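Colleague: One structure, as structure tokens, below. Some questions next.
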Amino acid sequence: MAIHGVEDFRRALGAARRVTVLSGAGVSAESGVPTFRGAGGMWRRWSATDLATPAAWARDPGLVWEFYDYRRQRMAEVRPNRAHIALAEFEARWTAAGRDFTLVTQNVDGLHEAAGSVAVTRLHGSIWHVRCVSCGQVTPNRDVPITPAFAGAGSPDPATKTRWFGPGDLPFCKCGGLLRPHIVWFGESLDAQDIGNAVAAASRCDVFIAVGTSAVVYPAAGLIPRARAAGAVVCEVNPEPTPATPDVTVHFSGPAGEVLPGLLDGLPG
Ligand code: BJW
Ligand code: ZN
């Protein structure tokens, strides 16, 4: 089916039974959460992706916790935007009509859940959970600062006079093990069940929507060509083209908070 604009896409969506959405940092940009590869993606002299690695953690867990504590401070203050709300409201209408919906997110901020989304598969973990490096237990944790030692710390300014956070400052599990952010860092495997769900949802859907992702981080980015190869109508929502753009059925250029309501509101009719 040739899809040339919003009306064509809405017709295809209205006729679909199964919809899968892949979201990325761009969905939260209008809430004030910086994207990774855009302006505001730096903290001091590091990009977020320099510190989101097992090597950074092995070198200096205090620095990695200071970075995550800063992000938790920021994320504690933000609210879902029109994109999160359009997706949550669409899911409610869609599933009430007996149709199948899966939201796969690369985001760790919890804003989809805060907007009311239910069927969320989090591929890269959650900034609001911690995990013990010894016993592996995952626990919800909303403490900001993460320990009293981090109060007033975390300034992103490269000129910040830094202090070193040692074992006495860091969070620990009941078992005595160090707690780390429950986040999937580069080189770490995604949870097998989560990526399995995501692959299944991409492979069986009629319509796949990739929104606010640069489509460069794998295996998440691979879901887009997988959905296309399985015969889905694949729609991309992003103000910029991405490496996936040439292969999608239709690209809608613009911010997610403006574009998604126009694509989803009122459906299914
Ligand atoms: C808007 C907007 C608005 C702006 N509205 N849009 C195959 C090939 C090559 C490499 C690999 C491969 N398989 C695995 C790898 C290695 C690696 C990888 O992909 N590397 C590539 C970068 C080259 N992957 C991994 O290591 C993964 N693990 C794994 O595969 O294990 C097995 C394995 C390991 C090693 C080798 C082979 C196999 C793990 C990936 C974990 C990613 N973790 C992070 C950090 C989370 C930490 C944190 O939050 O602190 O997850 S990286 C970071 O990127 C974060 C994001 O979830 C992820 C994706 O970024 P996203 O969401 O797309 O954001 P941006 O900033 O990139 O883009 C924002 C977009 O929004 C832009 O396009 C804007 O235009 C747009 N936008 N405003 C709509 N208003
Ligand atoms: Zn433990």
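Colleague: Of everything in segment 160-197 that's farther than 13 Å from Leu123 by Cβ and β-branched (Val, Ile, Thr), which residue is surrounded by the most Cβ atoms within 10 Å (Cβ to Cβ)?
Modeller: Filtering first and then ranking leaves Thr160.
Residue-wise test of (1) in contact with a helix residue (DSSP H, G or I) (Cβ under 8 Å, 6 or more places away or on another chain); (2) more than 16 Å from ligand 1 (Cβ to nearest atom); (3) assigned by TED's automatic domain parsing to the domain that holds Arg228.
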| position | (1), (2), (3) |
| --- | --- |
| Asp169 | yes, yes, no |
| Cys173 | no, yes, no |
| Leu178 | yes, yes, no |
| Gly196 | no, no, yes |
| Val199 | yes, no, yes |
| Ala202 | yes, no, yes |
| Phe208 | yes, no, yes |
| Thr213 | yes, no, yes |
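Colleague: If you go through segment 79-130 one residue at a time, how many are over 18 Å from Thr35 (Cβ atoms) and among the aliphatic types (A, V, I, L, M)?
Modeller: The total comes to 13.
Colleague: Continuing with this model, one more query. Looking only at segment 145-152, decide whether some residue is surrounded by fewer than 19 Cβ atoms within 10 Å (Cβ to Cβ) and farther than 23 Å from Met42 by Cα.
Modeller: Within segment 145-152, one or more residues are surrounded by fewer than 19 Cβ atoms within 10 Å (Cβ to Cβ) and farther than 23 Å from Met42 by Cα.
Colleague: Among the residues of segment 45-91, write down those that are buried (at least 18 other Cβ atoms within 10 Å of the Cβ) and not in a helix (DSSP H, G or I).
Modeller: Scanning segment 45-91 gives Ala52, Pro80, Asn81.
Colleague: For segment 95-118, does any single residue satisfy the condition of being surrounded by 12 or more Cβ atoms within 10 Å (Cβ to Cβ), in a loop (DSSP other than H, G, I, E, B) and basic (Lys, Arg)?
Modeller: So far as segment 95-118 goes, yes, one or more of its residues are surrounded by 12 or more Cβ atoms within 10 Å (Cβ to Cβ), in a loop (DSSP other than H, G, I, E, B) and basic (Lys, Arg).
Colleague: Follow-up. Condition (residue is under 14 Å from the mean Cα position of the chain (by Cα) and touching a residue at least 12 places away in the same chain (Cβ under 8 Å)) applied to segment 87-95: is it met by at least one residue?
Modeller: Yes, segment 87-95 has at least one match.
Colleague: If I go through segment 169-187 residue by residue, how many of them are closer than 28 Å to Pro219 by Cα and charged (D, E, K, R)?
Modeller: 1
Colleague: Please enumerate the residues belonging to segment 109-167 that are within 15 Å of ligand 1 (Cβ to nearest atom), in contact (Cβ under 8 Å) with a residue 40 or more places away in the chain and small (Gly, Ala, Ser).
Modeller: Gly125, Ser126, Gly154
Colleague: Still on this structure: Looking at segment 56-66, can you tell me whether even one residue there is within 16 Å of Asp265 (Cα to Cα) and more than 10 Å from ligand 1 (Cβ to nearest atom)?
Modeller: No: zero hits.
Colleague: A further question follows. Quick check: is even one residue across segment 100-107 in the same structural domain as Ser214 (by TED's automatic domain parsing), out of contact with any helix residue (DSSP H, G or I) (no Cβ under 7 Å at 6 or more places or on another chain) and closer than 13 Å to Ser28 by Cβ?
Modeller: No, the conditions are met nowhere in segment 100-107.
Colleague: Could you please give the count of residues in segment 165-218 that are of a type in the set (A, V, I, L, M, F, W, C) and part of a helix (DSSP H, G or I)?
Modeller: 7
Colleague: Next question. Identify, please: which residue in segment 219-241 is over 18 Å from the mean Cα position of the chain (by Cα) and in a helix (DSSP H, G or I) and is, among those, surrounded by the most Cβ atoms within 10 Å (Cβ to Cβ)?
Modeller: So, considering only residues that are over 18 Å from the mean Cα position of the chain (by Cα) and in a helix (DSSP H, G or I), the one surrounded by the most Cβ atoms within 10 Å (Cβ to Cβ) is Ala227.
Colleague: If you go through segment 6-18 one residue at a time, do you hit one that is among the acidic types (Asp, Glu), closer than 30 Å to Phe101 by Cα and in a helix (DSSP H, G or I)?
Modeller: Within segment 6-18, one or more residues are among the acidic types (Asp, Glu), closer than 30 Å to Phe101 by Cα and in a helix (DSSP H, G or I).
Colleague: Take the residues in segment 106-154 that are of a type in the set (Val, Ile, Thr) and over 22 Å from the mean Cα position of the chain (by Cα); name whichever of them is farthest from ligand 2 (Cβ to nearest atom).
Modeller: By that ranking, first place goes to Thr147.
Colleague: Additional query: Of all residues being out of contact with any Ser or Thr (no Cβ under 9 Å at 6 or more places or on another chain) and within 16 Å of ligand 2 (Cβ to nearest atom) in segment 173-211, which is nearest to His129 (Cα to Cα)? Just the residue, please.
Modeller: So the residue we want is Arg180.
The values are calculated or read from the model by the stated rules, or taken from the named source; none is laboratory data. All of these numbers come straight from a predicted model, not from anything done at the bench. Cβ: placed from backbone, ideal geometry, glycine included. Neighbour counts: every protein chain shown.
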